[in-house]
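Enquirer: Attaching a single structure in structure tokens format; questions to follow.
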Amino acid sequence: MVLPAPTEAPLVEARRLKTHFTAHRGLPFARHTTIIRAVDGVDLQIRQGETLGLVGESGCGKSTLGRSLLRLAQPTSGQVIFDGSDVTAADQDALRRLRRRMQMVFQDPYGSLDPRMTVEQAIGEPLRIHGLASGDRRRQRIRDLLGFVGLDPTVGERYPHEFSGGQRQRIGIARALAVEPDFIVLDEPVSALDVSIQAQVLNLLDRLREQLNLTYLFVAHDLSVVRHISHRVAVMYLGTFVEVATRDRLYAEPLHPYTRALLSAVPVPNPAIEKRRQRMILKGDVASPAQVPFGCRFHTRCPLAIDRCRSEVPALEEKRPGHMAACHLVEAQTEKV
Amino acid sequence: MLLEVSNLTTEFGTERGVLTAVDDVSFDLAEGEAVGVVGESGSGKSVMALSIMRLVSRPAGRITSGRILFEGQDLLELDEAEMRKIRGGRIAMIFQDPMSSLNPVLTIERQMTESLELHLGLSRRQARTRAVEMLQLVGIPDAARRVDDYPHQFSGGMRQRVMIAIALSCSPRLLIADEPTTALDVTIQAQITDLVRRLRKEFSTSIIWISHDLGVVAGLCDRTIVMYAGQVVEDAPIDDIFADPRHPYTLGLLNSIPRLDRPVTTELVPIEGSPPDLVNRPSGCPFQPRCPFAVARSLEERPPLEEIRPGHRVACWVDVTKVLG
């Protein structure tokens, strides 16, 4: 995998993006409102042809961030720019036109397909909505798409329940590709699949990206999978990025203590390595986006935290060339050699 | 041997016909040993565990043949009352979803003391003391107070710790864990596997650890059993299964997962196709339709699980080391 050459403007950009939800909790007469800061000030750029991996634990806001980029979740503040257009400010008409170019593939291949729609109807729906093809042309396009994602082109008349999880995920991918998008948010696309099937879908996604010059945001909790598919990786914790770097840099020299803890927690299928491994085991649970700690959000679980971490928010800064981290304890060494 | 499973077969009646979930499975488990059972969904690993516990749901499911010798006694010959004495006592089980086995309307104290009174004959007061000790042992902060909480007052990781505390409270000889960390975040999974590694030494309990994650098994177990379509296809010491896998399915699994211990450029080689229909099984070897090594005999005859060297058993007509050179 070769990193695409930097172009002047990224295809997708988020600026100080925040998506908050309000939740009403407690019993009647004792209700209180909590603000859940799912995405809380994210800056990101994704270049044309690039796969940005987005990792973090449950509740860190990674899925909400993906949805916010497509405005499937309504951002509270900040901006999303797609190919020069402001997605956050677009009216319904403009948004519909933008959505043709931005698609999403969901985790659950069981829940994301309507059980009463045939495969042909499911893949044909976006074509119909966007008025892209009708009649025989639509049918031919659906057959082509099915073949393209490695399914038998003649299965159009069948229903989702007749397919396995991996095949359903291929149908979901064909549906996303139907409108010839430029950018796809893949939200945990292989997490629900068995390991032998995961590889099939990962290879398919990589092939499609190269052939169709697609740009991906690949959201996942599995760090091994993200390493395999991404050019660059962003690590998210409680609504913010704690580290962003090229894939090779991030896995070779993780700078943020959270990234280091995540990587050290990933089990490796190699007993020799596992036996002598020193794990950095984090204490406590993943904190809640409804109660964001003061200072560095990670300080409550960080084994290295100092006083400054409890009071001052660390900025996401370039600590090494092309390698950003948000941690008071990481010295910047950015001079080019 | 603590446990000797031989020729275990468990079937389910379905609308389409008889589904053989566990198909003639045999394996042993030594005192103090931890064996990992890996395989994909539908491989029969969970049903195999439920069969040992005699928890296969009836009337749809039933154990049609086999023997499960536990401490010399055939569990399949016990009546329900005798079996109830063993469950939660000599054999304990933990599940992926702790809420499925915790009672939401009882405090943790009540759920723990119940089995301690039943299996160990403790008084309520002794049982409560033991319950608090167990919660402390699994790392529940403020255990003396939290013992009076209800399951929903704990986070997912803490609930799994409570489950482990309950499971180990009667000092079982055998702990069966069915994907206990699958639903947890990776940092919480590391806490739990670390805890189990520690407790295993302390309690010298034998473990059957069911998982689809080869990495977790590599870090926790002495031996691995690989299941496919209800059958054991390979059974080997932990170092062998990863360094010298002999069944094409095991090889396929190891080459299809992205691994942090391999160069990032390593190509993923998927296993093509999907697992077989367990109602209409393919002839011969169940892996044959997806197997790049299959020979004529694989289509006709099911390969027996044979020992290729002490402790390493494989069910395959082909010697993959010769094919791969």
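Enquirer: Identify the residues of the range B:229-272 with backbone N under 12 Å of a label point that sits 7 angstrom from the Cα of A:GLU210 along the Cα-to-Cβ direction, or state none.
Expert: Once the point is set 7 Å along Cα→Cβ of A:GLU210, B:267-268 turn out to lie under 12 Å by backbone N, inside the range B:229-272.
Enquirer: Specify whether the C-alpha gyration tensor of the range B:192-293 places it in the rounded, prolate or oblate class, a ≥ b ≥ c being the square roots of the eigenvalues: rounded for a/c under 1.5, otherwise prolate if a/b is larger than b/c and oblate if not.
Expert: Oblate.
Enquirer: Could you tell me how far the Cα centroid of the range B:153-199 sits from the Cα centroid of the range B:256-285, in Å?
Expert: 29
Enquirer: Based on DSSP H runs of at least 4 residues, each adding -39500 (n - 2.57), what is the mean residue ellipticity at 222 nm of chain A after dividing by all its residues, to the nearest 500 deg cm²/dmol?
Expert: Taken over chain A, the calculation gives -9000 deg cm²/dmol.
Enquirer: Partner chain Cβ atoms within 10 Å, averaged over the residues of A:224-230 - can you pull that number for me?
Expert: 4
Enquirer: Sticking with this one: Checking the a/c ratio against 1.5 first, then a/b against b/c, what shape does the Cα gyration tensor give for the range A:256-337?
Expert: Oblate, since a/c reaches 1.5 and b/c is not below a/b.
Enquirer: Then there's this: Expressed as a rounded percentage, what relative contact order does chain A have, with Cα pairs under 8 Å and six or more residues apart?
Expert: 19
Enquirer: On a 0 to 90° scale, report how tilted helix A:165-177 is relative to the longest principal axis of chain A, with both axes built from alpha carbons and the result rounded to the nearest 10.
Expert: Result, in degrees: 80.
Enquirer: Calculate the length of the line joining the C-alpha centroid of the range A:156-171 to that of the range B:85-119, in whole Å.
Expert: Taking the Cα centre of the range B:85-119 as reference, the centre of the range A:156-171 is 39 Å away.
Enquirer: Are there cysteines in the protein assembly as shown with no second cysteine's Cβ under 4.7 Å away, and if so, which?
Expert: A:CYS60, A:CYS302, A:CYS327, B:CYS170, B:CYS221, B:CYS285, B:CYS291, B:CYS316
Enquirer: Please report, ordered by residue number, every helix of chain B (full DSSP H runs) that is 15 Å or longer along its axis going by C-alpha atoms and whose mean Kyte-Doolittle hydropathy reaches -0.5.
Expert: Answer set is B:108-120, B:156-169, B:186-203.
Enquirer: With everything on Cα atoms, drop me the angle between helix A:135-148 and the longest principal axis of chain A, reported from 0 to 90° to the nearest 10.
Expert: 50
Enquirer: May I pose another question? Can you work out the PRE-style zone for A:ARG277? Point 7 Å along Cα to Cβ, and I want the residues of the range B:240-281 with backbone N under 14 Å.
Expert: Those under the cut-off are B:258-262.
Enquirer: Using 1/(1 + (r/R0)^6) with R0 = 22 angstrom and r between the beta carbons of B:ARG198 and B:ARG62, what's the FRET efficiency to the nearest 0.05?
Expert: It comes to 0.05.
Enquirer: A further question on this structure: Counting partner chain Cβ atoms within 10 Å of every residue's Cβ in A:258-266, what's the average?
Expert: 3
Enquirer: Follow-up. If R₀ is 45 angstrom, what is the calculated FRET efficiency for the pair A:ASP152 and B:ASP142, using the beta carbon separation as r and rounding to 0.05?
Expert: 0.20
Enquirer: Does the protein assembly as shown classify as rounded, prolate or oblate by the C-alpha gyration tensor (a ≥ b ≥ c root eigenvalues; a/c under 1.5 gives rounded; else a/b over b/c gives prolate, otherwise oblate)?
Expert: oblate
Enquirer: To the nearest 20 Debye, how big is the dipole of the protein assembly as shown about its Cα centre, given +1 on the beta carbon of each Lys and Arg and -1 on that of each Asp and Glu?
Expert: The calculated dipole for the protein assembly as shown is roughly 1540 debye.
Enquirer: Which is farthest toward the positive dipole end of the range B:121-258 among B:VAL186, B:ILE176, B:LEU122, measuring Cα position about the Cα centre, with Cβ charges +1 (Lys, Arg) and -1 (Asp, Glu)?
Expert: The Cα lying farthest towards the positive end belongs to B:LEU122.
Enquirer: For every other residue with a beta carbon closer than 13 angstrom to the beta carbon of B:SER211, add +1 if it is Lys or Arg and -1 if Asp or Glu, then tell me the sum.
Expert: In short, -4.
Enquirer: Still on this structure: Sequence neighbours fewer than 8 away in the same chain don't count; with that in mind, list the lysines whose C-alpha is under 17 Å from A:LYS275.
Expert: A:LYS275 reaches B:LYS201.
Enquirer: Within the set of other residues whose C-beta is less than 12 Å from the C-beta of A:VAL226, count the net charge using Lys and Arg as +1 and Asp and Glu as -1.
Expert: Net of charged neighbours comes to +2.
Enquirer: Okay, moving on. Can you return the lysines within cross-link range of A:LYS18? Criterion is Cα-Cα under 27 Å, with same-chain partners fewer than 8 residues away left out.
Expert: Once the sequence-local lysines are set aside, what remains near A:LYS18 is A:LYS62, A:LYS319.
Enquirer: How far, in degrees from 0 to 90, does helix A:195-212 lean away from the longest principal axis of the Cα atoms of chain A, to the nearest 10?
Expert: Here the helix axis deviates by roughly 80 degrees.
Enquirer: Here's another thing I want to ask about it. Give the aspartates and glutamates reachable from A:LYS283 as a straight Cα distance under 17 Å; neighbours fewer than 8 places away on the same chain don't count.
Expert: A:GLU57, B:ASP142, B:ASP185, B:ASP194
Enquirer: What relative contact order, as a whole-number percentage, does chain B give when Cα pairs under 8 Å and 6 or more residues apart are counted?
Expert: In percent, rounded to a whole number, it is 20.
Enquirer: Let me ask something else about it. Using the alpha-carbon centroid of each, what span in Å lies between the range A:28-67 and the range A:268-319?
Expert: 18
Enquirer: Could I ask something else about it? Based on the mean of other beta carbon atoms within 10 Å per residue, what is the order of A:305-315, B:248-258, most packed first?
Expert: B:248-258, A:305-315
Quick note: the coordinates plus some simple rules give every number you see, no bench work behind them. As the structure is a computational prediction, the values presented were derived from the model and not from experiment. For neighbour counting, all protein chains shown are included, and Cβ atoms are generated from backbone atoms with ideal geometry for every residue, glycine included.
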